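Participant: Dropping a structure here in structure tokens format, bear with me for questions.
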Amino acid sequence: MQGALTPPILSGPSQSAVSNQGLMPTASQASNIAPQPSKTFSSSGPLAAKTKPTPVRRMRRIIAEDPEWSLAIVPLLTELCIQHIVKNFQKNPILKQLLPEHQKKVLSHLSPDLPLAVTANLIEDENYWRRCCTQRWPVCHVAKHGGSWKHMFFERHLENLLKHFIPGTTDPSVILDLLPLCANYVRRIRVDQFLPPVQLPASLQTRELSDSGSEVESEEPTMDHYQLGDLVAGLKHLEELDLVYGVKDCGMNFEWNLFLFTYRDCHSLAATIKACHTLKIFRLTRSKVDDEKARILIRSLLNHPGLEELDLSHNLIGDRGARAAAKLLSHSHLRVLNLANNQVRGPGAQSLAHALAHNTNLVSLNLRLNCLEDEGGQALAHALQTNKCLTTLNLGGNELSEPTATLLAQVLAINTTLTSLNLSCNHIGLDGGKQLLEGMSENKTLLEFDLRLSDISQESEYLIGQALHANREAARQRALNPGYLMSPIIANVPGNSVE
């Protein structure tokens, strides 16, 4: 009896199939191929119906399209820990306990939208705060904030809250709750709008009074703005305060009351700046500050220990306010005073000149766009004959004429500290220009002299420009070579001649 002849069962790919990978199906193709039962032949010819199919072993072909793909698909335990820390940072902030390289990885993956209560006093990394700033504001001038991205974020965030604060509507805790988080990082506050309280229409107010049945006369609705006292008291490092009481983009809802700096605002602000001993720069511009309000503010700044710059430009300050500013020059260490675009006239300028003659701190005085006329201009010129510290003086647009120019020419001949003088938009005239040219011929320190639209001749203007160019070149040489002025003196000393 002949034995059954059974062909070998296909249990795997042949060697030729393994060596020639191009003939092998891909993984997707292999998955679509159904396993075929093996065939067993016997001597009698028919297939064995009850033969159990043998499983077929297939090899999977892997094509790595990613050049960095590797079999090590499981990340390192360190990476898994960092991912977990980043994911749960809001609930469980872990940072200081990590190694420096791990801290950098965590910070690079943290979201800029995390609550400030979590990140403010924990994260000092500038790159993180840079991402927070650039995500929130398209234009970022970090140099204006001391070069610190963290300081910039908290200062601008606080300014944004102040700009949109509505008295009587916004909860004050929105600002005060931020104090513990930002107190160490805010050096400057610049707010260019303060919103007034929301006022109900007169008809609604009358209806409410009639419904309440009250016979007491209703007080006038106040237009007071947010009071900065509590906020500034909590900012222990505040150095600069720049404020504008007004409303931006009011559109068709314009009313003069939106730009009202009330007496209550004035008294509150005066008490605030008086208590802030770290304040160095105070600016209150475009706020309709008149003489009385200016006197209230300046009175609070007398003998201030740190104030260096006062800017009350673009207001309604007259001679009484200028006299108060003159008193401040004698009772402070002020270095910069800006009263541009106000209503100061001759008497106010005379008060400032009297204080300037004996002052030893002020280096910059801006009285542009007032109405000093020759009465005030001549008084300031006399003061400059004895003053030894002022370097910048702006008298542009003050109705000055030839008498003032004549005295200023005498000042230029003897003054050795003034480096910048602005007499633009005045009526100096041809003779006044010649007088100034004579003074400039003996001056060696003035570097900037603005005489545009002052009615002087082109020849005088050109020659004055040449003198200024010579002064600037000499100043440049002195900066490069401190012994620049000593060389000709030493050369003429007897005994130093070379025979």
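The values are calculated or read from the model by the stated rules, or taken from the named source; none is laboratory data. What you see is a predicted model; the values in this text were computed from it and never measured. Heads up, the Cβs are rebuilt from the backbone with ideal geometry, glycines too, and the neighbour counts pull from every protein chain shown. What goes into the accessible areas is simple: the full protein's heavy atoms, side chains included, and nothing from ligands, DNA or RNA. Shrake-Rupley method; radii C 1.70, N 1.55, O 1.52, S 1.80 Å.
Participant: Could you list, in sequence order, all residues of region 455-465 that are more than 19 Å from Asn394 (Cα to Cα) and open to solvent by less than 40 Å² (accessible area, probe 1.4 Å)?
Facilitator: Within region 455-465, Ser457, Ser460 qualify.
Participant: Still on this structure, I have one more. Could you grab me the full set of residues in region 397-408 that are in contact with a Gly (Cβ under 6 Å, 6 or more places away or on another chain) and open to solvent by less than 30 Å² (accessible area, probe 1.4 Å)? Write out each step before concluding.
Facilitator: Within region 397-408, the subset in contact with a Gly (Cβ under 6 Å, 6 or more places away or on another chain) is 400, 402, 404-405.
Correct list: Leu400, Thr404, Ala405.
Participant: Assuming Ser441 fulfils every condition listed in (1) crowded, with 16+ Cβ neighbours inside 10 Å; (2) closer than 17 Å to Glu461 by Cα; (3) over 40 Å from the mean Cα position of the chain (by Cα) apart from one, which condition is it?
Facilitator: (1)
Participant: Is it the case that Leu430 is farther than 17 Å from Leu393 by Cβ, part of a helix (DSSP H, G or I) and out of contact with any Pro (no Cβ under 9 Å at 6 or more places or on another chain)?
Facilitator: Values: farther than 17 Å from Leu393 by Cβ: yes; part of a helix (DSSP H, G or I): yes; out of contact with any Pro (no Cβ under 9 Å at 6 or more places or on another chain): yes.
Spelling it out, Leu430 is indeed farther than 17 Å from Leu393 by Cβ, part of a helix (DSSP H, G or I) and out of contact with any Pro (no Cβ under 9 Å at 6 or more places or on another chain).
Participant: Does Asn394 qualify as being open to solvent by less than 50 Å² (accessible area, probe 1.4 Å), closer than 28 Å to Pro305 by Cα and in contact with a Lys or Arg (Cβ under 7 Å, 6 or more places away or on another chain)? Quick ask: steps written out before the conclusion?
Facilitator: Values: open to solvent by less than 50 Å² (accessible area, probe 1.4 Å): yes; closer than 28 Å to Pro305 by Cα: yes; in contact with a Lys or Arg (Cβ under 7 Å, 6 or more places away or on another chain): yes.
When the stated conditions are applied, Asn394 passes them.
Participant: Moving on. Taking strands (runs of 3 or more DSSP E) that do not extend beyond region 227-345, which have at least 2 residues that are in contact (Cβ under 8 Å) with a residue 24 or more places away in the chain and not acidic (Asp, Glu)?
Facilitator: Values: elements: 240-243, 281-284, 309-311, 336-338.
Of the strands (runs of 3 or more DSSP E) lying wholly inside region 227-345, those with at least 2 residues that are in contact (Cβ under 8 Å) with a residue 24 or more places away in the chain and not acidic (Asp, Glu) span 240-243, 281-284, 336-338.
Participant: For region 99-109, indicate whether the set of residues that are open to solvent by 50 Å² or more (accessible area, probe 1.4 Å) and polar (S, T, N, Q) is non-empty.
Facilitator: Within region 99-109 (the criterion being open to solvent by 50 Å² or more (accessible area, probe 1.4 Å) and polar (S, T, N, Q)), the answer is yes, since at least one residue qualifies.
Participant: Still on this structure, I have one more. Could you check Ile123 against (1) out of contact with any Pro (no Cβ under 8 Å at 6 or more places or on another chain); (2) assigned to a helix (DSSP H, G or I); (3) among the β-branched types (Val, Ile, Thr) and say which number it fails?
Facilitator: Result: Ile123 passes all but (2).
Participant: What do you reckon, is Asp192 touching a helix residue (DSSP H, G or I) at 6+ places or on another chain (Cβ under 9 Å) and more than 26 Å from Lys96 (Cα to Cα)? I'd like the intermediate steps shown before the answer.
Facilitator: Values: touching a helix residue (DSSP H, G or I) at 6+ places or on another chain (Cβ under 9 Å): yes; more than 26 Å from Lys96 (Cα to Cα): yes.
Spelling it out, Asp192 is indeed touching a helix residue (DSSP H, G or I) at 6+ places or on another chain (Cβ under 9 Å) and more than 26 Å from Lys96 (Cα to Cα).
Participant: If we scan region 51-73, do we find a residue that is at pLDDT 90 or above and either open to solvent by 60 Å² or more (accessible area, probe 1.4 Å) or under 59 Å from the mean Cα position of the chain (by Cα) (or both)?
Facilitator: No: region 51-73 contains no residue that is at pLDDT 90 or above and either open to solvent by 60 Å² or more (accessible area, probe 1.4 Å) or under 59 Å from the mean Cα position of the chain (by Cα) (or both).
Participant: While we're here: Checking Ala353 against (1) open to solvent by 10 Å² or more (accessible area, probe 1.4 Å); (2) in contact with a His (Cβ under 8 Å, 6 or more places away or on another chain); (3) not in a loop (DSSP other than H, G, I, E, B), which test does it fail?
Facilitator: Result: Ala353 fails condition (1) only.
Participant: Of the residues Arg472, Arg452, only one is surrounded by fewer than 20 Cβ atoms within 10 Å (Cβ to Cβ), touching a residue at least 24 places away in the same chain (Cβ under 8 Å), in a helix (DSSP H, G or I) and under 33 Å from the mean Cα position of the chain (by Cα); which?
Facilitator: Of the residues listed, the single one that is surrounded by fewer than 20 Cβ atoms within 10 Å (Cβ to Cβ), touching a residue at least 24 places away in the same chain (Cβ under 8 Å), in a helix (DSSP H, G or I) and under 33 Å from the mean Cα position of the chain (by Cα) is Arg472.
Participant: Now, a different point. Of everything in region 305-330, what is at pLDDT 95 or above, over 30 Å from the mean Cα position of the chain (by Cα) and either of a type in the set (Val, Ile, Thr) or open to solvent by 30 Å² or more (accessible area, probe 1.4 Å) (or both)? Give them in sequence order.
Facilitator: Hits for region 305-330 are Asp319, Arg320, Arg323, Lys327.
Participant: Only residues that are touching a helix residue (DSSP H, G or I) at 6+ places or on another chain (Cβ under 7 Å), closer than 21 Å to Val191 by Cα and of a type in the set (D, E, K, R): list them for region 102-159, please.
Facilitator: Across region 102-159, the qualifying residues are Lys150, Glu155.
Participant: Out of (1) at negative phi; (2) crowded, with 18+ Cβ neighbours inside 10 Å, what's the single condition that is false for Leu302?
Facilitator: Among (1) at negative phi; (2) crowded, with 18+ Cβ neighbours inside 10 Å, the lone unmet condition for Leu302 is (2).
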